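Okay, so here's the structure we're looking at.
The values are calculated or read from the model by the stated rules, or taken from the named source; none is laboratory data. Please read all numbers here as calculations on a predicted model, not as lab measurements. Reconstructed Cβ throughout: ideal geometry from the backbone, glycine too, with neighbour counts over all protein chains shown. Please note that ligands, DNA and RNA were not included when accessible areas were found on the heavy atoms of the full protein model with its side chains. Shrake-Rupley method; radii C 1.70, N 1.55, O 1.52, S 1.80 Å.
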Amino acid sequence: EKWTLFPGDTVQVIGGERPTMVGQTGKVLDVVRKMNSVTVDGLKMAKKHIRPNPIRPRGAVIAKPMPIHVSNLRIIDPHVGKPTQAKIVERINRTTGRLEKFRWLKESGTELPVPVDDGPVDKYEASIHDTPKTLVAEHTWQPSILNIPFPPRFMNQMERLRRMNSGRGEF
(Lines give C-alpha, C1' and ligand atoms only; values in the text may rest on other atoms or scores of the structure.)
Protein backbone atom coordinates (compact mmCIF):
# COMPACT_ATOMS: atom_id res chain seq x y z
CA GLU A 1 0.00 0.00 0.00
CA LYS A 2 1.30 3.44 -0.87
CA TRP A 3 1.11 5.94 1.97
CA THR A 4 0.02 9.50 1.28
CA LEU A 5 0.52 10.88 4.81
CA PHE A 6 3.96 11.87 6.05
CA PRO A 7 5.28 13.69 9.12
CA GLY A 8 4.74 17.43 8.77
CA ASP A 9 1.48 17.17 6.77
CA THR A 10 -1.63 18.97 8.00
CA VAL A 11 -4.60 16.63 8.34
CA GLN A 12 -8.25 16.80 9.37
CA VAL A 13 -10.23 14.14 11.25
CA ILE A 14 -13.21 12.91 9.19
CA GLY A 15 -14.43 10.12 11.50
CA GLY A 16 -13.55 7.77 14.30
CA GLU A 17 -14.55 6.60 17.76
CA ARG A 18 -14.61 10.13 19.22
CA PRO A 19 -17.26 12.25 17.45
CA THR A 20 -15.96 15.38 19.22
CA MET A 21 -12.70 15.11 17.23
CA VAL A 22 -14.39 15.20 13.80
CA GLY A 23 -13.45 18.37 11.96
CA GLN A 24 -10.35 19.13 14.05
CA THR A 25 -7.03 19.66 12.31
CA GLY A 26 -3.43 19.10 13.32
CA LYS A 27 0.08 18.40 12.11
CA VAL A 28 1.29 14.80 11.66
CA LEU A 29 4.03 13.97 14.18
CA ASP A 30 4.64 10.29 13.45
CA VAL A 31 3.45 7.59 11.04
CA VAL A 32 3.22 3.99 12.31
CA ARG A 33 2.71 1.91 9.18
CA LYS A 34 2.52 -1.45 10.96
CA MET A 35 -0.53 -0.23 12.91
CA ASN A 36 -1.98 1.80 9.99
CA SER A 37 -2.06 4.79 12.28
CA VAL A 38 -0.80 8.34 12.54
CA THR A 39 0.03 10.46 15.60
CA VAL A 40 -1.32 13.99 15.24
CA ASP A 41 -0.23 16.94 17.38
CA GLY A 42 -2.98 18.06 19.77
CA LEU A 43 -5.52 15.36 18.82
CA LYS A 44 -6.62 12.28 20.78
CA MET A 45 -4.64 13.31 23.85
CA ALA A 46 -4.32 10.78 26.69
CA LYS A 47 -2.98 11.26 30.21
CA LYS A 48 0.21 9.42 31.06
CA HIS A 49 1.38 9.09 34.65
CA ILE A 50 5.11 9.40 35.22
CA ARG A 51 6.84 7.94 38.27
CA PRO A 52 8.89 10.17 40.53
CA ASN A 53 12.42 10.59 39.19
CA PRO A 54 15.32 12.99 39.76
CA ILE A 55 13.89 15.46 37.25
CA ARG A 56 10.33 15.28 38.63
CA PRO A 57 10.61 14.28 42.32
CA ARG A 58 6.82 14.27 42.79
CA GLY A 59 6.03 12.51 39.52
CA ALA A 60 3.70 14.01 36.93
CA VAL A 61 0.71 13.52 34.69
CA ILE A 62 1.44 14.55 31.10
CA ALA A 63 -0.75 14.69 27.99
CA LYS A 64 0.44 12.46 25.16
CA PRO A 65 -1.05 12.20 21.64
CA MET A 66 -2.30 8.71 20.81
CA PRO A 67 -2.39 7.18 17.29
CA ILE A 68 -5.42 7.68 15.02
CA HIS A 69 -6.27 5.18 12.28
CA VAL A 70 -5.30 6.47 8.85
CA SER A 71 -8.82 5.89 7.44
CA ASN A 72 -10.18 8.56 9.81
CA LEU A 73 -7.88 11.28 8.43
CA ARG A 74 -7.66 13.32 5.24
CA ILE A 75 -4.80 15.52 4.14
CA ILE A 76 -5.60 19.23 3.85
CA ASP A 77 -4.91 20.64 0.40
CA PRO A 78 -2.55 23.61 0.96
CA HIS A 79 -3.85 25.38 -2.17
CA VAL A 80 -7.57 25.19 -1.32
CA GLY A 81 -7.50 24.68 2.46
CA LYS A 82 -10.01 21.79 2.39
CA PRO A 83 -9.58 18.10 3.23
CA THR A 84 -8.99 16.01 0.14
CA GLN A 85 -8.02 12.57 -1.06
CA ALA A 86 -4.45 12.04 -2.21
CA LYS A 87 -2.89 9.47 -4.46
CA ILE A 88 0.76 8.56 -5.09
CA VAL A 89 1.65 9.02 -8.76
CA GLU A 90 4.91 7.96 -10.40
CA ARG A 91 6.24 9.34 -13.66
CA ILE A 92 9.54 9.60 -15.49
CA ASN A 93 11.06 13.07 -15.60
CA ARG A 94 11.83 13.91 -19.24
CA THR A 95 14.89 16.01 -18.49
CA THR A 96 16.64 13.72 -15.98
CA GLY A 97 15.15 10.39 -17.06
CA ARG A 98 14.54 9.43 -13.42
CA LEU A 99 11.38 8.13 -11.80
CA GLU A 100 9.64 10.80 -9.70
CA LYS A 101 7.03 10.23 -7.03
CA PHE A 102 4.53 12.87 -5.97
CA ARG A 103 1.11 13.09 -4.35
CA TRP A 104 -1.77 14.15 -6.55
CA LEU A 105 -4.50 16.02 -4.62
CA LYS A 106 -8.04 15.45 -5.87
CA GLU A 107 -9.59 18.73 -4.61
CA SER A 108 -7.31 21.10 -6.55
CA GLY A 109 -5.68 18.69 -9.03
CA THR A 110 -2.24 19.86 -7.96
CA GLU A 111 0.92 17.96 -7.08
CA LEU A 112 2.46 17.73 -3.63
CA PRO A 113 6.03 16.37 -3.37
CA VAL A 114 6.75 13.17 -1.43
CA PRO A 115 9.27 13.95 1.32
CA VAL A 116 12.63 12.25 0.87
CA ASP A 117 13.75 10.08 3.78
CA ASP A 118 17.30 11.08 4.65
CA GLY A 119 17.70 8.20 7.08
CA PRO A 120 18.53 8.58 10.76
CA VAL A 121 19.32 12.11 11.84
CA ASP A 122 22.10 12.85 14.32
CA LYS A 123 20.15 14.31 17.23
CA TYR A 124 22.97 14.35 19.76
CA GLU A 125 25.92 16.68 19.88
CA ALA A 126 29.35 15.32 20.58
CA SER A 127 30.53 15.75 24.15
CA ILE A 128 33.79 15.20 25.98
CA HIS A 129 32.29 12.11 27.65
CA ASP A 130 31.66 10.31 24.33
CA THR A 131 33.94 7.52 23.14
CA PRO A 132 35.98 8.68 20.12
CA LYS A 133 34.95 7.10 16.80
CA THR A 134 38.46 5.73 16.27
CA LEU A 135 38.24 3.68 19.48
CA VAL A 136 34.76 2.42 18.62
CA ALA A 137 36.00 1.18 15.25
CA GLU A 138 38.85 -0.85 16.78
CA HIS A 139 38.40 -4.60 17.03
CA THR A 140 39.76 -5.41 20.47
CA TRP A 141 38.28 -8.88 20.99
CA GLN A 142 39.57 -11.80 18.98
CA PRO A 143 37.41 -14.93 19.05
CA SER A 144 39.33 -18.02 20.11
CA ILE A 145 38.50 -21.59 20.99
CA LEU A 146 40.27 -21.03 24.31
CA ASN A 147 37.79 -18.32 25.35
CA ILE A 148 35.20 -19.83 27.70
CA PRO A 149 31.75 -18.30 27.29
CA PHE A 150 30.91 -18.64 31.02
CA PRO A 151 33.15 -18.86 34.09
CA PRO A 152 33.89 -22.42 35.31
CA ARG A 153 32.16 -21.80 38.66
CA PHE A 154 28.91 -20.90 36.87
CA MET A 155 29.19 -23.89 34.51
CA ASN A 156 29.75 -26.26 37.48
CA GLN A 157 26.65 -24.89 39.22
CA MET A 158 24.58 -25.35 36.03
CA GLU A 159 25.83 -28.94 35.72
CA ARG A 160 24.79 -29.64 39.33
CA LEU A 161 21.31 -28.23 38.69
CA ARG A 162 20.99 -30.32 35.52
CA ARG A 163 21.89 -33.51 37.41
CA MET A 164 19.48 -32.71 40.28
CA ASN A 165 16.57 -32.14 37.90
CA SER A 166 17.35 -34.88 35.37
CA GLY A 167 15.11 -37.42 37.13
CA ARG A 168 12.08 -35.06 37.17
CA GLY A 169 12.07 -34.35 33.46
CA GLU A 170 12.65 -30.62 33.98
CA PHE A 171 15.39 -28.31 32.87
Requested in this report: Hey, can you find the accessible area per residue of the stretch 1-105 for me, probe 1.4 Å, expressed in square angstrom?
Outcome: 69 Å²
Requested in this report: Provide the gained length on full extension for the span A46 to V22, in nm with one decimal, where the gain is 0.36 nm per separating residue minus the Cα-Cα distance.
Outcome: 6.9 nm
Requested in this report: Sum up the charges of everything whose Cβ sits under 13 Å from the Cβ of R91, counting Lys and Arg as +1 and Asp and Glu as -1, but leave R91 out.
Outcome: +2
Requested in this report: Give the peptides 90-103, 10-23 in descending order of average Cβ contacts within 10 Å, highest first.
Outcome: 10-23, 90-103
Query - Karplus (6.51, -1.76, 1.60) ³J(HN,Hα), θ = phi - 60°, over the stretch 22-34, in Hz, Gly and Pro reported as x - result: 4, x, 7, 10, x, 9, 6, 8, 8, 10, 10, 5, 5
**Report entry** Nonlocal amide H pairs with S37, under 5 Å, H built at 1.01 Å
**Finding:** V32, V70
Query raised in the report: So which of K2/K47; K47/K82; K27/K87; K48/K87; K48/K82; K34/K133 end up more than 29 Å apart, counting from Cα to Cα?
Result: K2/K47; K47/K82; K48/K87; K48/K82; K34/K133
Report task. Starting from the Cα gyration tensor of the stretch 1-143, take the square roots of the eigenvalues, sort them a ≥ b ≥ c, and report rounded, prolate or oblate (rounded when a/c is under 1.5, otherwise prolate if a/b is larger than b/c, else oblate). Result -> oblate
Query raised in the report: Gain in length, I14 to N165, computed as 0.36 nm per residue apart minus the alpha-carbon separation, to one decimal in nm?
Result: 48.2 nm
